Amino acid sequence: MAPESSVSVWGLRGSGDDVLIGSNGNDHLSGGSGNDIVSGGNGETASVGDDVIQPGLIDINCNLNNTTAVATLSDWANPLNGTNIDAALAEIITGAVASDGEILGIGTLSSDTLPPSVGLRVKKSGRTTGLTTSKIDALNVSVNIIYENECAGQSIGTGHFTGQILIANKGSKFLGGGDSGSVMVENVGTNPRAVGLLYAGSRSSAIANPIGDVLAHFGATMVGVSGSASSSSSTTTASGPSRGNGLANAIAAQERNRGLLESVPNGVGHGIGRDTAGKPIIKVFVESDAPGARRALPRSIEGYVIQVVETGRFYAN
């Protein structure tokens with residue numbers, strides 16, 4: 001079976017000429033999330049060595065005959081089998097895609113990465129919504145993501161992720177269906193640093209893997225120019241949630257009370273954000289803001305105010 005996803009043209013330094021599979025925004029290809037290779041409309045599962053195709057099947061009424069192979073699947077992380085990322089690698093077919101890592105509307109990235117932080121302004125270039133901007137609303141997010149067959153439209157399972165990034169996505173204006181797999185970068189004009197890999201969303205929020213977790217899983221580094229136009233943040237490997245800026249203690253309290261936070265009726269996740277005064281708070285994300293969810297929670301945990309946020313369900317895009 002040929003994977004249903006396509007491939008992003010921003011590159012990684014790994015084995016061979018590998019690039020990251022994703023929705024690839026508007027780069028040069030189009031498709032769905034990296035997980036589209038897990039199970040297609042025919043219920044089969046992709047294997048290493050299968051073709052990666054473009055355009056994505058969802059764009060051509062799921063007719064494989066109207067596609068072109070652009071890469072060969074070389075490695076992938078199955079989010080329905082215990083991995084904490086949604087991504088894959090493919091070895092490009094020479095001449096089939098641009099290999100310089102440039103992203104349409106964003107340009108060439110920095111080879112450095114940037115840890116996520118609450119309030120950080122970010123952008124992405126996506127297959128569906130194009131170039132959009134937003135800000136990070138929560139870190140260390142634990143969240144349940146529903147996966148469906150791209151062509152058959154049937155649920156194939158739910159993945160549980162920890163240590164994720166949540167981004168504001170009101171009205172799906174930042175991330176829409178088909179955008180996942182886009183790299184999320186800091187919102188600066190030249191050579192931005194990668195912050196995360198987008199893969200799921202709801203009507204109000206988007207979810208990204210910290211880019212450092214993705215790179216570490218595949219033993220890869222970013223392709224790009226050295227340095228960044230932004231000098232406001234230090235250059236580090238962006239793996240896992242940022243525990244600086246007073247969030248470490250809040251994250252520790254969140255982790256100690258994980259059982260309570262994950263027993264909330266209609267709950268879909270939880271994370272650490274900030275209130276309007278900049279103080280750390282614990283956010284609990286619910287499918288619908290029913291009275292039962294609020295009754296199940298205290299007003300605060302270990303001194304951190306709890307904020308219930310209605311997000312709806314999260315789906316892999």
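The values are calculated or read from the model by the stated rules, or taken from the named source; none is laboratory data. Remember, it's a predicted structure, so these values are computed and weren't measured experimentally. With ideal geometry, Cβ positions are generated from the backbone for all residues, glycine too; neighbour counts draw on all protein chains shown.
Only one entry in Ala200, Ala206, Ala168, Ala194 is out of contact with any Pro (no Cβ under 6 Å at 6 or more places or on another chain), surrounded by fewer than 24 Cβ atoms within 10 Å (Cβ to Cβ) and hydrophobic (A, V, I, L, M, F, W, C), namely Ala168. Counting only residues that are more than 21 Å from Ser182 (Cβ to Cβ) and crowded, with 16+ Cβ neighbours inside 10 Å, which one in the range 49-63 is modelled with the lowest pLDDT? My answer is Cys62.
Taken over the range 79-138, residues that are touching a helix residue (DSSP H, G or I) at 6+ places or on another chain (Cβ under 7 Å) and not aliphatic (A, V, I, L, M) amount to 4. Could you list, in sequence order, all residues of the range 64-93 that are β-branched (Val, Ile, Thr) and touching a residue at least 40 places away in the same chain (Cβ under 8 Å)? The answer is Thr67, Val70, Thr83, Ile85, Ile92. Residues that are of a type in the set (D, E, K, R) and within 30 Å of Gln154 (Cβ to Cβ) do occur in the range 280-290, at least one of them. For the residues Ile301, Ile272, the requirement of being out of contact with any Lys or Arg (no Cβ under 6 Å at 6 or more places or on another chain) and closer than 23 Å to Ala208 by Cα singles out Ile272. The combined condition, being buried (at least 24 other Cβ atoms within 10 Å of the Cβ), under 26 Å from Ile58 (Cα atoms) and of a type outside the set (Lys, Arg), is not fulfilled by Gly177.
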